[in-house]
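Data block below; observations after.
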Amino acid sequence: MAQYTRASGFVGLITLQNPPVNALSAVVRQAIVDTVKIALSDPKVKSVVICGQNGNFCGGADIKEFGGEMTGPPLIPMIHAIEAANKPMVAAIEGNALGGGLELALGCHYRIAHSKARLGLPEVTLGLLPAAGGSQRLPRLIGVPDALDLITTGRIVTAAEALRLGIVDQVTEHNTVDAAVKFALSVAGQPLDARRISTFPCPRPPDSDALFEEAMRKVRGSARGAMAPVACVQAVRAAATLPYERGMEREKELMATLFTSGQARALQYVFFAQRAVGRWSMPSGAGWDTSKPRPVNKAAVIGLGTMGRGITVALAQTGLSVVAIETQEKQLMEAKQAVTSMLERGAKRRGAAPALDRISYSRNIQAVADVDLVIEAVFEDMALKLEVFRQLSAFCKPGTLLCTNTSALDVDELARGTPNPELVVGMHFFAPAHVMKLLEVVYGKRSSPQAVATAMQLGKKMGKASVAVGNCRGFVGNRMLRLYVEQAFFLLEEGATPELVDGALEEFGFPMGVFRMSDLSGLDVGWRTRKAAGQAQPGEASGQSARIRNGSRYSPIGDLVCEQGRFGQKTGRGWYQYDKPGSRVARSDPWLHSFLEQYRARHGLVARSIDRQEVLERCLYALVNEGFRILEDGIAAGPEDIDVIYVFGYGWPGHRGGPMFYASTVGLPKVLERLEHYHQAHPDVPDLQPCGLLRRLVASGSPPVHRWREVIKKLHSQL
Ligand SMILES: CC/C=C\CC(=O)SCCNC(=O)CCNC(=O)[C@H](O)C(C)(C)COP(=O)(O)OP(=O)(O)OC[C@H]1O[C@@H](n2cnc3c(N)ncnc32)[C@H](O)[C@@H]1OP(=O)(O)O
């Protein structure tokens, strides 16, 4: 709702009241319409201020209402009525003015913001565009290039930037509502014609056609099939080329297409999934609501390779004191230089001072003595990690949380090597750790809920999408990825090429297909793991036995490519060829194609024609099937956890909502039928056998994804 009061005798004060973010629900919109009417018809009121309660202006339209039937007054006429008012309307912006919230403010004649306020039109991140006039008013106010930037990216700006761009008229360090009331009194009675943004001509940059073409090329390149960024460019182009009313019609048409596209539903699911993973739980029932995190003021990072450096930067940028430890002098000096330049680059981008003095460097592991939490980021080697943990247990003060940054090693085994296993958790960062948004917080059998709560809270402070998961080989992300990559290898054996597989996956929306990604991250990484597991065996053995491990189908193709010294971009050769080592432009490689032909011939495999549909079904459904197994095993608490991991850590396109959401949109019966089909065709791949949970969900009528937790809970209670 919205409260109406009077301030300083002559100012009508409308306060939006809809905690926690004052979203514009039907009730709030109705209350705004009613209170604006009261203020405008009260002869004593000379001007009006609109603000939000609890220091938060407005988080935009109520996203929860998007799925249902539209009730209450629509936003557009409400904002028009505010703009058309014959008394000055002033927005007092504290906290967030986002989406419909900023559009409401743009309908006002003046905007006063607190210095800590954040403003933006993030609709594109929800698969939408600013369709309450935002796409038409913002370019008229700040010009096309800046409006294009903000609307197509959803970038949020600070009050200082908003002032520089001309979005707000004044920024205050003091009480924003008081400042707005004072301002409103000062402009009472002044003409308003020049303050109604919808009447402004849209400033057209000299070469606007080229500008829009470039903007379109840019969004098409990065959107990977997402419709909203493209529609945002089209809407801003309408603002620049059409009269306001026609622009509004275009905005409405574009919005209608997006609203019914399915992509918006997927992205809104991701928005709520991101919040749902914060309400984590462990199989014991302990969780976010019952476990209090310990305070962490000082942390240590052990091992300053690529991961350790990124983690150090991320911790320092969060405001923590960090002790960065590397035993070798040369590596320590190199790491110090790299961390310093990463911090300086980041600070320059944010216009802030680099947090250099928060970090101290040491070669001595005893420097951990006074830290609250340690993140060990040494080489992926269990013996080495066990030794580091043994030393940490000796030197850390009691109660220090011991975290291991590992992508696959057994957290329980590490914990068993310490006197306090309850203090041990996994923190699986993704490279580069100061950039990538995902963090898997891995709890072992003995990890205490408090340790998990502490790691989860630290992840949140670092700005990561943090997901609590159970301990198993590969945790959630890499465990599922193995099946996806394996299918891609099998497809090569059966007749596909890296180009075909990657093309299908990139068309689906991944930034890179399996093979281009493998070239980027280095083929040798997986090869080393397979060798350690006894899977990769040297030589070019032929016959079926060369392609069987532990009774299941295995493809040695990746191992054979590695034996040629082809490790991807860093060696200039991998699944593709590159101009030189380190180059990023992948070109098709005739050597690889003839290698595949020889390989098939040697193993008696006859290449068949494979289409993109099969590539998608084999790779994606195998991955999804493992996701169901992970839910069945209780390694992830719900489908949202898996989807957040895939969208934020593995390049899964957000407009497809994550693998589990995607499966629900394809239809669980269809996913089940295709898995059954492929399992029948490939009985030597047991992983293609549909998971019991998938069968159970189909048998219970394929409930929507938000109801899967109930089925999973029931399943676990019966076990
Ligand atoms: C015609 C169409 C016109 C307009 C279209 C729009 O306006 S679309 C909406 C545009 N707005 C946004 O995209 C903002 C979304 N919200 C946020 O980015 C953050 O919530 C915000 C406002 C920056 C606050 O962040 P904070 O970290 O403080 O809180 P949190 O994100 O955990 O949110 C708290 C709870 O509020 C719920 N919520 C937030 N925004 C909305 C919203 N716009 N509608 C409905 N609900 C919203 C959020 O889900 C959290 O609730 P929970 O129960 O915990 O899930």
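Within segment 54-74, restricting attention to residues that are within 19 Å of Ala266 (Cβ to Cβ) and not small (Gly, Ala, Ser), the residue that is surrounded by the fewest Cβ atoms within 10 Å (Cβ to Cβ) is Lys64. Scanning segment 37-74 for residues that are away from the ligand (no atom under 16 Å from the Cβ), touching a helix residue (DSSP H, G or I) at 6+ places or on another chain (Cβ under 6 Å) and of a type in the set (Val, Ile, Thr) returns Val45, Val48, Val49. Against the test of being in the same structural domain as Ala147 (by TED's automatic domain parsing), within 13 Å of the ligand (Cβ to nearest atom), at pLDDT 95 or above and of a type outside the set (A, V, I, L, M, F, W, C), the options Glu245, Glu251 yield a single qualifying residue, Glu251.
Segment 99-179 holds helices (runs of 4 or more DSSP H) entirely within its bounds, and those carrying 2 or more residues that are in contact with a helix residue (DSSP H, G or I) (Cβ under 6 Å, 6 or more places away or on another chain) map to 100-107, 134-142, 144-153. In segment 353-372, is there at least one residue being modelled with pLDDT of 95 or more, surrounded by 15 or more Cβ atoms within 10 Å (Cβ to Cβ), among the aromatic types (Phe, Trp, Tyr) and in contact with a Gly (Cβ under 6 Å, 6 or more places away or on another chain)? Checked segment 353-372: no residue is modelled with pLDDT of 95 or more, surrounded by 15 or more Cβ atoms within 10 Å (Cβ to Cβ), among the aromatic types (Phe, Trp, Tyr) and in contact with a Gly (Cβ under 6 Å, 6 or more places away or on another chain). Per the listing Pro88, Pro77, the residue uniquely more than 10 Å from the ligand (Cβ to nearest atom), surrounded by 15 or more Cβ atoms within 10 Å (Cβ to Cβ) and in the same structural domain as Ser186 (by TED's automatic domain parsing) is Pro88.
Of all residues in segment 272-306, those satisfying the criterion of being aliphatic (A, V, I, L, M) and buried (at least 23 other Cβ atoms within 10 Å of the Cβ) are Ala273, Val277, Ala299, Ala300, Val301, Ile302, Leu304.
Listed conditions (1) in the same structural domain as Pro130 (by TED's automatic domain parsing); (2) part of a helix (DSSP H, G or I) are all met by Gly225, apart from (2).
Residue count for segment 3-35 under the criterion of being outside any helix (DSSP H, G or I), closer than 19 Å to Ala132 by Cβ and either out of contact with any strand residue (DSSP E or B) (no Cβ under 6 Å at 6 or more places or on another chain) or within 16 Å of the ligand (Cβ to nearest atom) (or both): the result is 7. When segment 15-35 is filtered for residues that are farther than 16 Å from Gly59 by Cα and crowded, with 20+ Cβ neighbours inside 10 Å, the ones remaining, listed by number, are Ala31, Thr35. Could you count how many residues in segment 108-137 are within 13 Å of the ligand (Cβ to nearest atom), over 24 Å from the mean Cα position of the chain (by Cα) and in contact (Cβ under 8 Å) with a residue 60 or more places away in the chain? So the answer is 5.
Within segment 676-719, the only residue that satisfies the criterion of being basic (Lys, Arg) and within 24 Å of Leu616 (Cβ to Cβ) is Arg695.
Please verify whether Ser291 is assigned to a helix (DSSP H, G or I) and among the hydroxyl-bearing types (Ser, Thr, Tyr), treating the condition exactly as stated. Considered against the rule, which asks whether it is assigned to a helix (DSSP H, G or I) and among the hydroxyl-bearing types (Ser, Thr, Tyr), Ser291 comes out as no. Restricting attention to segment 254-270, the residues being surrounded by fewer than 16 Cβ atoms within 10 Å (Cβ to Cβ) and either away from the ligand (no atom under 16 Å from the Cβ) or within 29 Å of Phe429 (Cβ to Cβ) (or both) number 1.
The values are calculated or read from the model by the stated rules, or taken from the named source; none is laboratory data. Note that this is a predicted model, so its numbers are computed, not measured. Cβ coordinates were reconstructed from backbone atoms using ideal geometry, including for glycine residues, and neighbour counts include every protein chain displayed.
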